[in-house]
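What follows is a single structure, and I will ask about it in a moment.
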Amino acid sequence: MTRLSTLVSSICIAYASANRGFASTNSWGIVSSIPRGGDASYSSACEDAKSSIVEKASKEIGDLRTKIIVEGETVENFGEAADAICNSAIQAFASAVPEASDVSSSATYDKKLADLEAALDAPLQVLYLRQLAILREKALETYRSASRVSETSDYESMLQSDSQFTTGAEEATRSGSDWDYSSDRSSLQSIMNDIASTRKKLMDVQMKSSEKQSTAMSFLQQQQQMIQQLQMQLYGQSSPWNVGMAYRIPDTNFNLQGSYQQGRANLQLSCVPDEYAPMLGGNGFSNGVGPGNLGLSLNV
């Protein structure tokens, strides 16, 4: 009878041990009941849960990577999306791994939880930096467009672009993280200052060139007025009539030119062969005074 009781007790203990060896899984596919086989088994179970959660979260991070890296577009409220991925992973880890039973297991739990968040934060931060670069380029394009097509000053355009970048960067930043966009903002401001400085130098050069041209034109006008005054002193009041006339002497190569301008007459005789005379007959246009060999101009 004693042997029978001992045998039944052994069978019950073996059955209970077998039941503790089986584990159920949650919605993340992670073991939710972990055998208490010491610190090593607890650490291994935490690592398995962490790996499974990271693998599933990587799919969501991959969708964000396609949008930002491949397509070159920004993700609206990226910070909230990153927080949602990390918080869901932490909750899944907490539900999958039972509470630590001692100090050593508690330290293991905290370490694996920190490793899990770091494993998710690193690729998300890479996407965050890339999104900041896209936001910076869009802010620069806004600054160039505003300063080129509108009458606003460079300072107002800078404020508008800086506000646009800051709003987008704050939406992309995880709350409570060490993510920071101050360096990208400083880079944006530095680039805008360089563009404004270059544009100002160009405008200064153009203004100086215009001033030089204006000074030269003013000097020439003064010289022309002085010449006209000297002419009036030498020749008196000049006539407003300007007359010019040219006449070719018939059957000759001599061309007579005369002009009257500002009260002065000028007469010039030149020898200019008529190259088209053979094409126009024996006398050509030299036979008398006609519209072909008489030129007259009058300017008032």
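The values are calculated or read from the model by the stated rules, or taken from the named source; none is laboratory data. Predicted, not measured: the structure shown is a model, and the values here were computed from it. For neighbour counting, all protein chains shown are included, and Cβ atoms are generated from backbone atoms with ideal geometry for every residue, glycine included. Heavy atoms of the whole protein, side chains included, go into the accessibility calculation; ligands, DNA and RNA do not. Shrake-Rupley method; radii C 1.70, N 1.55, O 1.52, S 1.80 Å.
Go over the candidates Leu188, Leu256 one by one and state the one that is touching a Phe, Trp or Tyr at 6+ places or on another chain (Cβ under 6 Å), surrounded by 13 or more Cβ atoms within 10 Å (Cβ to Cβ) and either of a type in the set (Lys, Arg) or at pLDDT below 85 (or both).
Leu256
Another question, then. Going through Ser270, Ser297 one at a time, which residue ends up being exposed (fewer than 14 other Cβ atoms within 10 Å of the Cβ) and modelled with pLDDT of 65 or more?
Criteria check complete, one pass: Ser270.
Would a scan of segment 75-90 turn up a residue that is closer than 30 Å to Ala40 by Cα, in contact with a helix residue (DSSP H, G or I) (Cβ under 7 Å, 6 or more places away or on another chain), of a type in the set (Phe, Trp, Tyr) and part of a helix (DSSP H, G or I)?
Step one: of segment 75-90, the residues closer than 30 Å to Ala40 by Cα are 85-90.
Then keep just the ones that are in contact with a helix residue (DSSP H, G or I) (Cβ under 7 Å, 6 or more places away or on another chain); that gives 85-86, 89-90.
Imposing the further condition that a residue be of a type in the set (Phe, Trp, Tyr) reduces the set to none.
No, segment 75-90 contains no residue that is closer than 30 Å to Ala40 by Cα, in contact with a helix residue (DSSP H, G or I) (Cβ under 7 Å, 6 or more places away or on another chain), of a type in the set (Phe, Trp, Tyr) and part of a helix (DSSP H, G or I).
Turning to a different aspect of this structure: Could you go through segment 94-108 and let me know if any residue there is of a type outside the set (Phe, Trp, Tyr), under 15 Å from Gly62 (Cα atoms) and crowded, with 16+ Cβ neighbours inside 10 Å. It would help to see each step written out before you state the result.
Within segment 94-108, the subset of a type outside the set (Phe, Trp, Tyr) is 94-108.
Going one step further and asking which of them are under 15 Å from Gly62 (Cα atoms), we end up with none.
So far as segment 94-108 goes, no, none of its residues is of a type outside the set (Phe, Trp, Tyr), under 15 Å from Gly62 (Cα atoms) and crowded, with 16+ Cβ neighbours inside 10 Å.
Output the number of the condition that Glu171 fails; it satisfies all remaining conditions of (1) in contact (Cβ under 8 Å) with a residue 40 or more places away in the chain; (2) open to solvent by less than 60 Å² (accessible area, probe 1.4 Å).
(2)
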